[in-house]
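The values are calculated or read from the model by the stated rules, or taken from the named source; none is laboratory data. Please read all numbers here as calculations on a predicted model, not as lab measurements. Glycine also receives a Cβ, built like all others from the backbone with ideal geometry; neighbour counts cover every protein chain displayed.
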Amino acid sequence: MNERRLARRKTSVRIALTVILVAGGIGAVSTLHAMDWRAFGAALAGMAPLPLTLALVVSTVQVYAQLARFVVLLPPEARHPFIELLDATAVGQLLNYATPLRAGDAYKLIRLAPNSGSPEPRKGRFSVLLAALLVERVADIAALFVMAAWASFAELTSWASTVFPSSARAVEVAAGVAVVAGTIVLLAPRTGGILRSFGGEVWGALWSPRFARALAVSLVTWALDAGTLYWTTRSIGGYALSFRDVMQSVFVLNLGIAVPVTVGNLGVFEAALAFALTRHGIPPEDALAIATLEHFVKFSGLGLCVATLRLGRVSGSRRRA
């Protein structure tokens, strides 16, 4: 019986991953036209290899920091074997990056949720995982604003407002939030126990040492993110932006891609980052080339991280065999 349950679970994970990848592939085909491939080719032709290599190294380290941010939020009793947890988190991050609407978080929940065939399943582990994902977002956003404030928040607010949604869009978002809130209120009598349990998990995670650790890791993650851009800007044209300048650009970039409307934020990523870089004196053509190359570097760092974890799992399985 347990073997059948394990087989069904593996099948459900594979089906979910296939659906996510197929949907992402369809979306990618529809958004690739947004890429300026001529600018990207010009950037590759004139790039300096050493700064680009350093950018790739920093980007890969940053991905490992992102994995650690989620791992430190999970209580010990809800954790899988370390390599399994890292691998599931890495693949989830890759899917978040390559597919719209953070589909990788759904993959992580499916893969790491309690196994009904486990000899010691922990009741409520699914809610623990969901709470950890939510609190991870809180730590990530809080750390971004801390880093942005350090990078001169007053200057950012003078021109970053151009990437915020229009007033009409803000009204639509507010209406959507009101509808969701009303639905929760209507369903509360039936789902009160579930909501209270989940709320308790979130509250407990927010007021635990685990959140402080996740916030500290998030600060390191954003510093590495800015470090990646710091070296990428030097690989094209040798623009010597300060660390504060690139942190400001990272902040504006993340405002621009806050709502993942395209697969891998293709087009939106380049436009938001190029806009931010032009505010620091970089010509629009070079800014777009740098933004395109930065997107490539970040995706390559994520892919390299996933590949090394997969190789580690394979070699570990061979040694045990």
Which pairs do you get when a residue that is over 22 Å from residue 250 (Cα atoms), found in the range 208-224, comes within reach of a residue that is of a type outside the set (A, V, I, L, M, F, W, C) and not in a helix (DSSP H, G or I), reach meaning Cβ atoms under 9 angstrom, with the pair 6+ apart or on two chains? 208/75; 210/75
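Kindly indicate which of 239, 230 is over 16 Å from residue 140 (Cα atoms), over 22 Å from the mean Cα position of the chain (by Cα) and of a type in the set (Ser, Thr, Tyr). Steps first, please.
On the way: 230 fails: over 22 Å from the mean Cα position of the chain (by Cα).
On inspection, the qualifying residue turns out to be 239.
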Only one of 72, 58 that is surrounded by 14 or more Cβ atoms within 10 Å (Cβ to Cβ), of a type in the set (Val, Ile, Thr), modelled with pLDDT of 75 or more and closer than 23 Å to residue 138 by Cα: 72
Selected residue [modelled with pLDDT of 85 or more and not in a helix (DSSP H, G or I)] from 224, 241, 229, 277: 241
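Which ones in the range 135-166 are in contact with a Phe, Trp or Tyr (Cβ under 9 Å, 6 or more places away or on another chain) and at pLDDT 80 or above? Let's see the steps before the verdict.
Going through the range 135-166, the residues in contact with a Phe, Trp or Tyr (Cβ under 9 Å, 6 or more places away or on another chain) turn out to be 135-136, 138-140, 143-148, 151, 153, 156, 160, 162-163.
Result: 135, 136, 138, 139, 140, 143, 144, 145, 146, 147, 148, 151.
Would you check if there is a residue in the range 93-101 being more than 28 Å from residue 140 (Cβ to Cβ), at pLDDT 75 or above and part of a helix (DSSP H, G or I)?
Here is the first cut: in the range 93-101, the ones more than 28 Å from residue 140 (Cβ to Cβ) are none.
So far as the range 93-101 goes, no, none of its residues is more than 28 Å from residue 140 (Cβ to Cβ), at pLDDT 75 or above and part of a helix (DSSP H, G or I).
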On the basis of being part of a helix (DSSP H, G or I), over 21 Å from the mean Cα position of the chain (by Cα), in contact (Cβ under 8 Å) with a residue 12 or more places away in the chain and under 18 Å from residue 54 (Cβ atoms), does residue 286 make the cut? no
